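Report on the following structure.
The values are calculated or read from the model by the stated rules, or taken from the named source; none is laboratory data. Treat the numbers as computed from the prediction; the structure is a model and nothing was measured. Because the Cβ atoms are built from the backbone with ideal geometry, glycine has one as well, and the counts that use them run over all protein chains shown. Note: accessible area is taken over every heavy atom of the protein model, side chains too, but ligands, DNA and RNA are not part of it. Shrake-Rupley method; radii C 1.70, N 1.55, O 1.52, S 1.80 Å.
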Amino acid sequence: MRIIQTKITLLIVITAFVSAILVTGIIVQTRVAHRIVSETQAVSESNALRLTFEVNARLHDKLLKNLAGTDGLSPRVLLANNDPEQFRQLFETYPISFIVVTDSSLIPIATFPEASAGILRALPTDPDAFRKFRSDGVITRYHEWINDTLTRIAVIDIPWYPGITGNQANGILFAGFPVSADELSYQIQGNARLMREPLNLPLDKTITEGKVITQLPLFGWRNIPVASLWLEKPSEILKSLNDYRKYFIWFLIICTSVFILFITLYLKRYYMWPLRMFTLAIKFNDPGYLKMVRYRDKDLASLHQMVMNVFSHERLLNDMIRRRNSENLNAFHAAILSQISDAVYATDHKGIITYWNRAAETIYSVNEQDAIGKIADELIRSRWDDPSDEARQQQLFNTDGFMKGSISQELPNGTWIRVDAGITRLLDCNGKLLGQLYVTRKTEARPAI
């Protein structure tokens, strides 16, 4: 009965373990799929932000080209008139924060509005380094902070002498376009922010519950990041995916719990209960059960056969008989050993005492409770009187697994006694060491050394 209960318990545990592994695997798989979709969404939103930012920049570039084609902005005309205010009406029609015209050495010729410290700090001062920075295209862009406003500065060459071809002298036109986080938020339908400290946001930090976070660094004219554009955008795809994943995980957990509960109740109802009834009927000689057995009741036979088939009837009975015989035999041997007059004790393969008979209690003055679990060589110290005899017996023990002779032993209380001892090596059916068996007989006492 206990073996069957153990088998049913083991079956339930294995079922729960396998179910937990399957659920965990499915959860991990859905997490990986969710991660892939989220990363794809993050890349898509990042590309959308870059594209929107680039479209805005190109619109400003188009305005800058129109300004560069204005004859009144040439350095020669500005130096001659020395009155950039006449172009106020023209400048106010464009979304430009400032315009600066310089010569090729980056010396300002005209500024609109009037030159300020913030605007001048935004202009490069090293002509050679700036010449290397400029791209091969017509327009070069970079970003700078002017009075706590992030500004995209577009640069284009303008002719020094308008209408005269063949002269390569050029001036440089700088135009500032403010970068508006509110405008980007409206265009992208998200929450955009501009930060002075450039951030390097890891990919695993760009995805939250139902949101995608995009971080875009913005560079100055020395190719060093001067700002970061941060966009947090709600994603209906991620929100729906998160909700679906939560519901799916809960559904798996509930289904698995119901399945394990069903298996447990089913096994107890249709296997444990009939077996318990069989055991009680046999134990108390139930006449109804005995009558069913005598007349070979079909329902009883079917139930009996079902139970036995499920749990491997033959092997189960053999295990029960072998175990019962082994337990009875061990009890019988223990009863015999407890009655003999010689001290008998046994140790496991580590030298720890596992058996201690009554004669051992008398000879060594140590009761069984105090001896069991102790290391034999520490509880009782033994010494051979003749070293040559000890070496010979040890060699015999190593080859045959048995040795005997007269030895002196020190008891826990310090008293020395002399005994005739026989020591046998205990092996299992596979030849693996189980321990040692000691049989000693007291011969004479000797004073403590």
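Brief remarks on what is shown
- Entries in Lys350/Lys432; Lys350/Lys374; Lys374/Lys404 that, when Cα-Cα distance is taken, lie over 21 Å: Lys374/Lys404
- Packing-based ranking of 170-183, 428-441, 94-107 yields 170-183, 94-107, 428-441, ordered from highest to lowest mean Cβ neighbour count within 10 Å.
- Accessible area of region 382-448 belonging to carbon and sulfur atoms, whole % at 1.4 Å probe: 51
- Region 376-440 shape via C-alpha gyration tensor axes, a/c threshold 1.5: oblate
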